[in-house]
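The next block holds one structure in the form of structure tokens; read it before the comments.
The values are calculated or read from the model by the stated rules, or taken from the named source; none is laboratory data. Being a predicted model, the structure only gives us computed values, none of them experimental. Note that each Cβ is placed from the backbone with ideal geometry, even for glycine, and that neighbours are counted across all protein chains shown.
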Amino acid sequence: MATRVTPRSWQEHLFCVIFVLSVICFFLIYKYPQWFVAEEQIVDYFYWLGKSTSFWYATVYSGFVCGLSLWVLKRNRSPYSGVKKPLSQYQRRKFLSIFFAQLICFYFVPFILPEFLDNKPFFSDPYKPTDKDAYIYVYNGFLSASGFLYVFVLVPLTVWYFGKRYCSWFCSCGNLAEVVGATPIGNRWVKQYTPRSEGARKLEWLQYAVLCFALFFGAIMLLHGLEIISAPRLVDSLREIQDLSIDLMFGALIGVGAYPFLGTRIWCRYGCPLAGMMRLFGKFSRSRFAVVTHKTCRGFNLCSKQCPMGIDVAKYAHKDRKPLEGEFGLNNSPCIGCGGCVDICPVKALSFKKILNPHNLSPSPQVSKHHKSV
Ligand code: SF4
Ligand code: SF4
Ligand code: SF4
């Protein structure tokens with residue numbers, strides 16, 4: 001299904017150039033300040049008001065996410081619908097969740113609270129290399145008991161109950177994608193530039209390759225840490241691949257820098273190993289999550305154009321404009337439950353299956369026989 005692409009204005013071209021250059025500078029200075037100045041000069045050059053680059057990065061990032069969430073909530077209009085439509089209860093809850101998750105879990109707890117608990121002056125950060133293990137990647141599940149509980153118990157449990165809503169309601173990377181996708185310009189990037197061809201969907205196997213790497217890296221680090229094997233050079237090489245190729249190039253520079261060219265969820269579709277694990281878990285655990293299609297569908301296909309994950313939602317809703325009543329979930333799509341398709345449909349032909357409805361406790365969602373696996 002071809003999407004009509006509105007040409008970019010010169011202002012948008014200029015914005016894209018500034019945006020991409022800022023993302024590159026921002027992430028390089030944040031993650032690798034030692035590439036630019038000697039280690040002992042990093043505080044002088046890149047720390048500001050006695051606070052680290054990590055602190056300022058988190059402040060700008062969280063300020064942006066929380067500010068835009070508040071803007072959506074205050075505006076009280078659906079960010080997805082072309083017509084003026086009030087913000088649905090689902091979207092209100094989602095943006096409230098994004099606001100509080102970002103503010104409390106990804107800013108206050110890691111960056112403000114420890115300073116008060118340590119009882120040290122707030123504006124006096126000593127130099128500390130950026131802790132790349134602080135990101136929630138699957139390999140963290142091998143490094144500590146809390147990491148194991150988070151990655152291998154808590155996240156799969158949320159998938160079982162809520163689907164991959166973790167990605168659209170909570171995750172810090174997903175929070176940025178959601179708020180940018182709620183602005184008029186970001187929403188246009190999602191609609192016009194998200195890859196939607198069959199080939200683009202097949203390429204999602206890349207995520208499983210990143211997942212395999214993460215599991216291998218985590219297992220090697222665990223065995224090395226327990227002194228069951230001694231492989232310092234292997235650990236160093238794997239860490240270099242993780243830091244440079246996956247974390248910096250794929251996750252940060254492409255994952256965020258490509259928003260204007262490939263939509264907001266490139267990393268989430270092709271890179272994030274946690275999402276790969278959630279998707280596998282959802283496929284085989286018969287998660288209760290599903291998007292239900294109703295007989296009111298008229299075949300407008302707006303839902304497919306709105307999906308940031310490149311899912312051909314309309315394929316589940318109609319065949320040659322004849323409505324298909326059924327549902328789709330994690331067994332046949334990478335849906336993150338953002339609700340964009342539900343919101344944009346003008347005839348209410350899509351809804352989410354209710355999580356706590358006792359009729360939903362059957363082991364397997366009924367999927368229309370017309371639905372192919374994505
Ligand atoms: S796919 Fe990964 S990075 Fe994206 S929102 Fe989900 S957990 Fe976060
Ligand atoms: S579900 Fe709604 S938006 Fe999607 S094809 Fe049907 S009528 Fe169109
Ligand atoms: S199918 Fe709908 S709810 Fe799922 S990711 Fe796409 S737009 Fe969001």
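Quick look at the values:
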{"item": "First in the stretch 73-93 and within 16 Å of residue 187 (Cα to Cα), second anywhere and among the β-branched types (Val, Ile, Thr) and part of a loop (DSSP other than H, G, I, E, B), Cβ under 8 Å, 6 or more apart", "result": "79/183"}
{"item": "Helices (runs of 4 or more DSSP H) lying entirely in the stretch 129-215 (those with 1 or more residues that are within 16 Å of ligand 2 (Cβ to nearest atom) and surrounded by fewer than 23 Cβ atoms within 10 Å (Cβ to Cβ))", "result": "184-193"}
{"item": "Helices (runs of 4 or more DSSP H) fully within the stretch 226-326 counting 2 or more residues that are in contact (Cβ under 8 Å) with a residue 40 or more places away in the chain and within 16 Å of ligand 2 (Cβ to nearest atom)", "result": "302-306, 313-317"}
{"item": "Residue satisfying condition, being surrounded by fewer than 15 Cβ atoms within 10 Å (Cβ to Cβ), among the β-branched types (Val, Ile, Thr) and within 22 Å of residue 174 (Cβ to Cβ), within set 65, 60, 83, 37", "result": "60"}
{"item": "The stretch 295-328: number of residues that are at pLDDT below 95 and within 16 Å of ligand 1 (Cβ to nearest atom)", "result": "0"}
{"item": "Of residues in the stretch 1-26 being at pLDDT 90 or above and of a type in the set (Phe, Trp, Tyr), the one surrounded by the fewest Cβ atoms within 10 Å (Cβ to Cβ)", "result": "10"}
{"item": "Residue list for the stretch 312-355, restricted to those being surrounded by 17 or more Cβ atoms within 10 Å (Cβ to Cβ), acidic (Asp, Glu) and over 22 Å from the mean Cα position of the chain (by Cα)", "result": "327"}
{"item": "Single condition residue 185 does not satisfy, out of (1) within 18 Å of residue 261 (Cβ to Cβ); (2) in contact with a Pro (Cβ under 6 Å, 6 or more places away or on another chain); (3) β-branched (Val, Ile, Thr)", "result": "(2)"}
{"item": "Those residues of the stretch 332-351 which are more than 16 Å from ligand 1 (Cβ to nearest atom), closer than 22 Å to residue 170 by Cβ and outside any helix (DSSP H, G or I), in sequence order", "result": "351"}
